[in-house]
């Protein structure tokens, strides 16, 4: 969080695209989830929203009368971002989407954030170092004034991988004992961690 300069009073609206669960509505699901978080935050902080925005929110989340298109959700999200206090909008896990969905995601983010905002909100994207599709994140987001791209390299991931190895080996020992030799168990863990760059 130090890298994205999240202050103690700043909001953080976040979304994680769950790995292996991409659907045709993944982008709409993200927009709905972020809008809903903003709505709840507005209610907690007594932030007044323009009447058109309030009505659109009621139609979607209360009356359930309207199923907005991606363009409609994008317009509503932008309207909320423009009146919402200083916030970091954090998106993670998008590198598992299909190529067309990734490009659509960037198109939405450009529409919403290209003009900046008067209260200094930021957009933070977490992704692997390479999307593996030749999509240049820097180029996609070049027009945006306030953004952070956090590229996850092995040094960022190693503590999580090490913890994962420890937990999985310990769980395996409980399910079906690998060995009773604790030194050998430690050696297995160390060898798996040494080869974590292949995970």
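Taken together, the values in this text are just the output of simple stated rules run on the coordinates, not laboratory data. The structure displayed is predicted, hence computed values, not measured ones. Heads up, the Cβs are rebuilt from the backbone with ideal geometry, glycines too, and the neighbour counts pull from every protein chain shown.
Worth pointing out:
- With R₀ fixed at 25 Å, the C-beta to C-beta distance from residue 25 to residue 136 puts the FRET efficiency at about 0.45.
- The gain in end-to-end length when the residue 104 to residue 163 segment is fully stretched comes to 17.8 nm, 0.36 nm per residue minus the alpha carbon separation.
- Once the C-beta distance of residue 61 and residue 175 is scaled by a Förster radius of 35 Å, the resulting FRET efficiency is 0.20 to the nearest 0.05.
- In this structure, residue 78 and residue 16 have a Cβ-Cβ separation that, at R0 = 22 Å, corresponds to a calculated FRET efficiency of about 0.55.
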